[in-house]
1. For region 299-338: of the residues being without any contact (Cβ under 8 Å) to a residue 40 or more places away in the chain, among the small types (Gly, Ala, Ser) and over 24 Å from Leu181 (Cβ atoms), which is surrounded by the most Cβ atoms within 10 Å (Cβ to Cβ)?
2. Can you give me the number of residues within region 226-272 that are of a type in the set (Gly, Ala, Ser), within 13 Å of Ala288 (Cα to Cα) and touching a residue at least 40 places away in the same chain (Cβ under 8 Å)?
3. Cβ contacts < 7 Å: first residue at pLDDT 95 or above, restricted to region 153-164; second residue outside any helix (DSSP H, G or I) and loosely packed, with under 15 Cβ neighbours inside 10 Å, any location; separation 6+ or different chain. Result?
4. Picking from Ala79, Ala112, which residue would you name as being out of contact with any Phe, Trp or Tyr (no Cβ under 8 Å at 6 or more places or on another chain) and farther than 23 Å from Tyr305 by Cα?
5. Any residue at all in region 108-119 that's of a type outside the set (Lys, Arg), within 24 Å of His180 (Cα to Cα) and under 20 Å from the mean Cα position of the chain (by Cα)?
6. Collect the residues in region 170-198 that are touching a Leu at 6+ places or on another chain (Cβ under 8 Å) and either farther than 11 Å from Ile213 by Cβ or free of Cβ contacts under 8 Å to residues at least 40 places away in the same chain (or both), keeping them in residue-number order.
7. Go through Arg91, Arg33 for me and flag whichever is in a loop (DSSP other than H, G, I, E, B) and free of Cβ contacts under 8 Å to residues at least 60 places away in the same chain.
8. Find the residue count for region 149-175, including only residues that are assigned to a loop (DSSP other than H, G, I, E, B) and not charged (D, E, K, R).
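The values are calculated or read from the model by the stated rules, or taken from the named source; none is laboratory data. Remember, predicted model here, so these are calculated numbers, not experimental data. FYI the Cβ positions are ideal-geometry reconstructions off the backbone, even for glycines, and counts take in every protein chain you see.
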Amino acid sequence: MCGVPLVPRAPGGPFTRVAFAAAHVVSDPVAARSPWDGRPALDWQATLQFRESLWDQGFGLAEAMDTAQRGLGLDWATALELIQRTMAAARAHPLRPRVACGVGTDQLQGLATADAIFAAYAHQAEAVETAGGRIIVMASRAFGAIGARPDDYRAVYRRPIDGAAAPVILHWLGEMFDPHLAGYWGTRDVDAASALVLGLIAENPGQVDGIKISLLNQCHEEDFRARLPAGVRLYTGDDFHYPSLIAGDGAHFSHALLGIFAAIAPAAAQALQALALGDLATYHALLAPTVPLSREIFRPPTRFYKAGIACLAWLNGHQRHFIMPAGLQSSRDITHYAAVFRLADQAALLADPDLAAARMTSLLALHGIP
């Protein structure tokens, strides 16, 4: 093992970046269920304790997003219960953390019109606001299914933006995270899509808190954020280039809404604290070793990144097993999990090295590796 692990700690002061960690959910492995066909069974205690550990370190939470397996095992009914339980826990937490919740259309299948897509969004948005959460308007697969044109996207998005009780966060998720989202915004031309989204925001910037962009394209994100209206945040979802995007270029910087932050929480929190103090050397020293780990977790096929995050949570004692909703732990091979273990150690992110080594040994033995 490489050395002394980073110890999670409470922030010493406010961050200068808004930082949402997008958290996974912990499965209940002994509940009677049909893993592929039925509703997932969650270990609510472990799921909420993991969120509290993130809040304790100063993070906000992006709840019920793709990290929590929306579209890959987590249905809307369970997502809503997750949102309701999380909001209750957030209200009881001493730091009163920021929580924003994913709003989509996944409770209904076969949506045939733009109006039907909006109605599905509206149903979830009302449920999130009733629970006390802020809205993240997630990308919907339903647009591609109806061959939506750019005008359809604009007409649908206009209504939840304008009608929300508080400014919303938009979410542009690339096809590497979900192949069903290819050609989102009605075009495969990224420049044309960017113009549409920027126009959508500019029509009512006071109702847009920010936009998360998850295209893994640093140059595009830097260009896009420079064109945003004043007061509208760019939340990076780039799990490959986050250190430089968050640090910024002197004129602009990105905030964060990242799946990798849940996996590297002690390093990320302490780096953000250093950044707030103007200590760029410490900021980069803490985050640089996490980038190889993040690139391994989010390597192609990127949509299976959740498996690496759950594995690391298990290695670090946040859950007592490595079982995921819909059996998603089988989406990566053992060489991937061995690399996650090794790279997490190099980044000082194995909280209890002896526990992590014992659990990794058991996983290797399960795969016939002595």
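1. Ala338
2. Adding up the residues that qualify gives 2.
3. Listed pairs, sorted by first residue: Ile161/Asn204; Asp162/Asn204.
4. After applying the criteria, what remains is Ala112.
5. Looking through region 108-119, none of the residues is of a type outside the set (Lys, Arg), within 24 Å of His180 (Cα to Cα) and under 20 Å from the mean Cα position of the chain (by Cα).
6. Those that are touching a Leu at 6+ places or on another chain (Cβ under 8 Å) and either farther than 11 Å from Ile213 by Cβ or free of Cβ contacts under 8 Å to residues at least 40 places away in the same chain (or both): Glu175, Met176, Leu181, Tyr184, Trp185, Gly186, Thr187, Val190, Val197, Leu198.
7. Exactly one residue qualifies, and that residue is Arg33.
8. Going through region 149-175 one residue at a time, the tally reaches 5.
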